[in-house]
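**Student:** Just dropping this structure here.
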Amino acid sequence: PQAQIQFLDNGVYTGNNLVIRLPRNSRLVIQAADGVRPTLALTGALTIESEDASAALVLDGLAIDGPVLIRGSLDLTISHCTLTPHGLATQPDPGDVSDLHVTIDNSIVGPIHLPGDIKGLSITDSIVDHASGYAIAAPDTTRSFGPALTLAQVTILGKVRVQQIESATGVIFSAPVVVQD
């Protein structure tokens with residue numbers, strides 16, 4: 001199952017708790033058409049659920065005002081999006097996220113709170129903004145470490161607490177960085 005949803009206007013789309021359920025071996029692209037910037041204004045969260053790590057979701061060209069929550073493993077790509085001020089996190093009971101891989105490219109996002117045992121987090125040409133707290137960390141910011149990071153041309157406004165930084169090129173850190181390994 002492969003599908004594409006394309007927004008054709010600059011509309012503001014409202015909703016409460018939206019859920020995207022991805023079946024095994026699926027790929028879904030939700031994107032804005034060239035030249036438009038649709039906004040999802042949510043009073044609840046956008047929850048992404050995956051049955052299996054073989055699923056993939058691409059969010060491209062969207063402004064999302066509401067938390068984005070993940071349950072299960074998948075390949076998630078966020079490109080040319082704005083996810084502020086709520087950012088990206090796993091649900092309180094996230095299921096098996098060991099094969100979760102998140103790629104963020106050319107985006108502005110709020111805090112990223114993902115467990116340290118995910119497959120990886122790659123961020124390029126983006127801004128991660130949570131100047132008043134942890135910009136990148138585990139959901140339990142005081143006891144656990146967030147995921148391994150690969151960073152290139154990124155500005156991080158806020159503290160970072162992760163297991164490992166695999167590479168960091170052209171990165172600006174505005175607050176302390178704590179790395180376990």
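**Student:** Can you name the condition, by its number, that residue 131 falls short on among (1) within 20 Å of residue 68 (Cβ to Cβ); (2) part of a loop (DSSP other than H, G, I, E, B); (3) open to solvent by 50 Å² or more (accessible area, probe 1.4 Å)?
**Tutor:** Going through (1) within 20 Å of residue 68 (Cβ to Cβ); (2) part of a loop (DSSP other than H, G, I, E, B); (3) open to solvent by 50 Å² or more (accessible area, probe 1.4 Å) one by one, residue 131 breaks only (2).
**Student:** Within the range 1-44, track down each residue that is polar (S, T, N, Q) and open to solvent by less than 30 Å² (accessible area, probe 1.4 Å).
**Tutor:** Passing the criteria: only 26.
**Student:** Then there is this: I need the full set of residues from the range 46-63 which are buried (at least 19 other Cβ atoms within 10 Å of the Cβ) and outside any strand (DSSP E or B), in order please.
**Tutor:** Scanning the range 46-63 gives 55, 61, 62.
**Student:** Now, a different point. In the range 148-165, which residues are out of contact with any Phe, Trp or Tyr (no Cβ under 8 Å at 6 or more places or on another chain) and either touching a residue at least 40 places away in the same chain (Cβ under 8 Å) or of a type in the set (S, T, N, Q) (or both)?
**Tutor:** Here is the first cut: in the range 148-165, the ones out of contact with any Phe, Trp or Tyr (no Cβ under 8 Å at 6 or more places or on another chain) are 148-155, 157, 164-165.
Within the range 148-165, 150, 153, 155, 164 meet the criteria.
**Student:** To continue, here is another question. Inside the range 68-113, can you point out the residues that are without any contact (Cβ under 8 Å) to a residue 24 or more places away in the chain and under 21 Å from residue 32 (Cα atoms)?
**Tutor:** Correct list: 68 only.
**Student:** Among the residues of the range 84-101, write down those that are surrounded by 23 or more Cβ atoms within 10 Å (Cβ to Cβ) and part of a strand (DSSP E or B).
**Tutor:** 88
**Student:** Still on this structure, please answer the following. State which residue pairs qualify: first residue on the phi > 0 side of the Ramachandran plot and inside the range 1-24, second residue at pLDDT 95 or above and of a type in the set (D, E, K, R) in any location, beta carbons under 6 Å apart, and separation of 6 or more residues or different chains.
**Tutor:** Listed pairs, sorted by first residue: none to list.
**Student:** If you take the residues in the range 140-159 that are under 19 Å from residue 68 (Cβ atoms) and at pLDDT 95 or above, which one is surrounded by the most Cβ atoms within 10 Å (Cβ to Cβ)?
**Tutor:** Among them, the one singled out is 146.
**Student:** Sticking with this structure for a sec: Residue check: is residue 85 within 21 Å of residue 61 (Cβ to Cβ), touching a strand residue (DSSP E or B) at 6+ places or on another chain (Cβ under 8 Å) and modelled with pLDDT under 95?
**Tutor:** yes
Residue by residue, here is whether (1) assigned to a strand (DSSP E or B); (2) under 13 Å from the mean Cα position of the chain (by Cα) holds:
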site	(1), (2)
115	no, yes
118	no, yes
127	yes, yes
135	yes, yes
142	no, no
157	yes, no
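**Student:** Also: Limited to the range 64-83, what total is found for residues that are open to solvent by 20 Å² or more (accessible area, probe 1.4 Å) and either under 15 Å from residue 18 (Cα atoms) or assigned to a strand (DSSP E or B) (or both)?
**Tutor:** In the first step, residues of the range 64-83 are kept if they are open to solvent by 20 Å² or more (accessible area, probe 1.4 Å); the result is 65, 67, 69, 71, 75, 77, 80, 82.
Still in the running and either under 15 Å from residue 18 (Cα atoms) or assigned to a strand (DSSP E or B) (or both): 65, 67, 69, 71, 75, 77, 82.
Final tally of qualifying residues: 7.
The values are calculated or read from the model by the stated rules, or taken from the named source; none is laboratory data. In this text the structure is predicted, and so the values were computed from the model without any measurement. So basically every Cβ, Gly included, is an ideal-geometry build from the backbone, and we count neighbours across all protein chains shown. Keep in mind that these areas ignore ligands, DNA and RNA; they rest on the heavy atoms of the full protein, side chains included. Shrake-Rupley method; radii C 1.70, N 1.55, O 1.52, S 1.80 Å.
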